[in-house]
Amino acid sequence: MPVGGNSGWVHSANPVPAVVGVVGAGTMGAGIAQVAVTSGARVVLFDVEPRVLERAVAGLTDRLQRSVEKGQRTAEDAASCLERLSTTTELSDLAAAELVVEAVPEKLELKRRVFAQLEAICPPSAVLASNTSSLPISVLGAGLTHAERVVGMHFFNPAPVMRLVEVVAGEDTDPAVVERVREIVAAFGKQAIVCQDTPGFIVNRVARNFYGEALRIVGEGTADVSQVDELLQGAAGFRMGPFELMDLIGIDVNYDVTQSVYAAFHQEPRFRPHPLQARKVAAGQLGRKTGRGFYRYDGGVRVSNASPDRPVAGPSSAGQGAGTRATATASVDTPGVSVQAAQRWTAYPPVVVGDTPLANALRARIATVWNRPPADCGLAFAQPQPHWDETGKQWRAEEVEAFLRAHPSRVVMVSVAGDETAHRQILQAVERAVARDAVLLTSVAGPSTSRQAAWLTEPKRLRGFSIVLRADGTLPGTSLGEPLAEWFRPVQAIRAGGATEATLDAVDEACVSALAALGFAPRLLRDGPGGVALRILSMVLNEAQVVLHEGTATAADIDLGMRLGTNYPAGPVEWLNGIGPVSVWYALSALQRELGDARYQPSPGLTAAAWYRPTKTGGEEC
């Protein structure tokens, strides 16, 4: 329980503190000072280096002048802001501050010394906040007489522009302090989200695998840097891919946060740093600020493609361009897939079999594209389980065979999740029911294409695909261009020695043409469970469920934090519901099985979301 509570923290007639102290005049400190002074507070900016203070004031003055030139504020208002700003190299000058925000380098002992000094200077009614991005607030306040007033107030860079502030409650933080800081954040024109003290808080913690899993995919040769970035943007809707974003942030900065979170979680496999990133840091290739990172830059502008850290290699991608694209009327840039072939295959409407939101979305798209009744476009089950009755009879497999015999098609798309035994029997039922020249396309939101092909009598006619649904459970639209879809060949269908084989070409044509006809630009990648974009996204969604299940933050604050703090196209809790918790659970389970890495273990929170639902009586059913 916090001690020495102060009712003055609960509410203030003027939510903007009269005096705000900022400790540290670097990029973040100067930005926080600007936020406070433009909100009407008097700001005292401290730093031990007079040159740093001069640079901070010059930068702030320049930004205010630009805002005047853009008509965002008057010259009088800008002058008034500068009048309310003072600088000092004496920490004692912060004694009158109602709020002090510490923004010194991310070194635990340095920050603890600062807080010990502030406690001796500031009255007990002053709120002491840290802008740390990952260090524990409870540790920063440990040993202080009034630890109840220490709170996290994590601004995002650039502070004047970014709307989000994470408010972090340490073990001793008074709830009234949290509410007072929320009030101040709102008065600053920002949006606060609240979380309990945990390494990385919400945004940096949930986002770790956006980078970490991308590094693993490149390191294992599944895709290269530019392909991963392209897929995260074109298939999942992110504004920037993970490698371009690491270059922007600074690879060293990103690596330091990863190491900090990994150490704080006692080497939890989900947060394990990757050698590719460590090598970039050791070589001084830190991104835009050094002119080279995962890409090359000139004056901060990217001038070349990705550096060849891990080029895609191996027979699954040999001889294929960066992507494969086909439509019934447009040109096709994939060797072996002609316009005539695309027209031939898209003349046959595919049908869908599955039990996932993706299966339902595909059936709806097929109905629209080919103007057919949805009931004729596929068999989409309402729930991933059960696939059998009480006697163990695989009744859904029989239902699949009956449907496909009544609705014959040259292309069948399969999307099944939850139980590999049931998945295998349904895919085998599809093979039994279709013609010998039919092509099977299977989602890799689960086992790899090669593993699924091993279940079949004729594995060469199977191809894998991966499509990322939007948060509302629908397929990506085409308003901003063709969204990307991934496709894969199983190892059983790899050409030996570069030889051509008519059957393999025909299956490739069917796969590419079907995806293109559904509105996607297909991209061929090396086979693997989960694909690329969905694999990275699944790790992010899983971590969000860990945070939610722990009670570290609410679903609303997690989603808001990731949208505002990292510009995610949707909040991860909302997005999980759109894709389907069982689909994400199944993808991670397949990754764990095939790659043998504990980092892919589905979390208890994800497992609960996937398999347990409230009943009308208030209990749970599986």
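The values are calculated or read from the model by the stated rules, or taken from the named source; none is laboratory data. Everything quoted here is computed from the prediction, not taken from an experiment. Cβ atoms come from the backbone with ideal geometry, glycine included; neighbour counts cover every protein chain shown.
Identify, please: which residue in region 245-274 is under 26 Å from Asp298 (Cα atoms) and not aliphatic (A, V, I, L, M) and is, among those, nearest to the chain's Cα centre (by Cα)? Walk me through how you get there before you give the answer.
Taking region 245-274 and keeping what is under 26 Å from Asp298 (Cα atoms), we get 245-256.
Subsequent filtering for residues that are not aliphatic (A, V, I, L, M) retains 247, 250, 252, 254-256.
Working: Asp247: 17, Gly250: 18, Asp252: 20, Asn254: 15, Tyr255: 17, Asp256: 19 Å.
Among those that are under 26 Å from Asp298 (Cα atoms) and not aliphatic (A, V, I, L, M), it is Asn254.
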Just give me the residues in region 195-212 being surrounded by fewer than 22 Cβ atoms within 10 Å (Cβ to Cβ) and more than 19 Å from Glu106 (Cβ to Cβ), in sequence order. Gln196
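Would you check which residues across region 243-267 are among the acidic types (Asp, Glu) and free of Cβ contacts under 8 Å to residues at least 60 places away in the same chain and list them?
Of everything in region 243-267, those that are among the acidic types (Asp, Glu) and free of Cβ contacts under 8 Å to residues at least 60 places away in the same chain turn out to be Glu244, Asp247, Asp252.
Go over the candidates Leu60, Leu45 one by one and state the one that is assigned to a helix (DSSP H, G or I) and not small (Gly, Ala, Ser). First the steps, then the outcome.
Details: Leu45 fails: assigned to a helix (DSSP H, G or I).
Every option except Leu60 fails the conditions.
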For residues in region 399-448 being under 27 Å from Ile536 (Cβ atoms) and among the polar types (S, T, N, Q), which is surrounded by the fewest Cβ atoms within 10 Å (Cβ to Cβ)? Ser448
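Can you go through Arg535, Arg593, Arg563 and tell me which one is modelled with pLDDT of 95 or more, more than 20 Å from Val203 (Cα to Cα) and not hydroxyl-bearing (Ser, Thr, Tyr)? I'd like the intermediate steps shown before the answer.
Details: Arg535 fails: more than 20 Å from Val203 (Cα to Cα); Arg563 fails: more than 20 Å from Val203 (Cα to Cα).
Every option except Arg593 fails the conditions.
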Select from region 482-501 the residues that are assigned to a loop (DSSP other than H, G, I, E, B), more than 17 Å from Ser448 (Cβ to Cβ) and in contact with a Gly (Cβ under 8 Å, 6 or more places away or on another chain) and write down the one among them that is modelled with the highest pLDDT. Pro483
Tell me, please, whether a residue that is assigned by TED's automatic domain parsing to the domain that holds Asn157, surrounded by 18 or more Cβ atoms within 10 Å (Cβ to Cβ), without any contact (Cβ under 8 Å) to a residue 40 or more places away in the chain and not polar (S, T, N, Q) can be found in region 74-91. yes
Among the residues of region 144-154, is there at least one that is more than 24 Å from Asn14 (Cα to Cα) and among the β-branched types (Val, Ile, Thr)? yes
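What helices (runs of 4 or more DSSP H), lying completely within region 143-249, carry at least 2 residues that are within 30 Å of Gly287 (Cβ to Cβ) and out of contact with any Cys (no Cβ under 7 Å at 6 or more places or on another chain)? Full working, then the answer.
Numbers: elements: 175-187, 203-206, 208-219, 225-234, 242-249.
It comes to 203-206, 208-219, 225-234, 242-249.
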Report yes if Thr145 is at pLDDT below 95 and closer than 25 Å to Gly250 by Cβ, otherwise no. no
